Amino acid sequence: MSPVTAINRFSLRPGVTAAQFERFSREVDRPVCLSFPEVKRFDVFIADADPSRVEVIELMTVASWPEWEAIRDGAPELAPIVQRFSELVDTSTVSTVFTRPLSPPEEK
């Protein structure tokens with residue numbers, strides 16, 4: 001099975017600042033998620049040109065999405081992270097696209 005990159009896009013709850021989410025992501029979310037061998041990469045981008053609507057894009061590459069879901073939903077150390085994510089993020093805005101890299105171009 002080849003790795004998959006999930007592209008998650010969402011907005012923060014009203015009143016939550018980009019700095020609050022950035023601190024959570026940098027200090028808690030990414031370090032804990034990256035401690036699992038199934039998570040290969042986890043990058044986060046913040047679009048905050050309009051302070052009234054902060055949007056976040058996460059790119060998470062995992063060895064297997066079903067395996068990651070099982071870990072995410074069952075690992076006790078992730079429960080407080082999932083809870084805090086729900087406090088910071090308007091979960092009704094979360095959208096996910098699952099991607100895979102194109103194979104390299106054929107040589108001429």
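Give me the number: length gained by fully extending ALA79 to ARG23, i.e. 0.36 nm times residue separation minus the C-alpha to C-alpha distance, one decimal in nm.
Answer, rounded to one decimal: 18.4 nm.
Shown here: Cα extents along the principal axes in Å, derived from the displayed model; of the candidates (i) 53, 36, 23; (ii) 64, 51, 17; (iii) 45, 28, 26, it corresponds to (i).
Using a cut-off of 10 Å between beta-carbons, work out the net charge of the residues near PHE42 (Lys and Arg +1, Asp and Glu -1, PHE42 not included).
Result for the local shell: 0.
Were the residues from ILE46 through SER64 laid out at 0.36 nm apart, the gain over their Cα-Cα distance would be 3.9 nm.
Computed over neighbours whose Cβ is under 15 Å from that of SER11, the net charge equals -4, Lys and Arg +1, Asp and Glu -1.
Just so you know, all these numbers are worked out from the coordinates, no wet-lab data involved. Predicted, not measured: the structure shown is a model, and the values here were computed from it. Ideal geometry is used to build each Cβ from the backbone, glycine not excepted, and the neighbour counts take in all protein chains shown.
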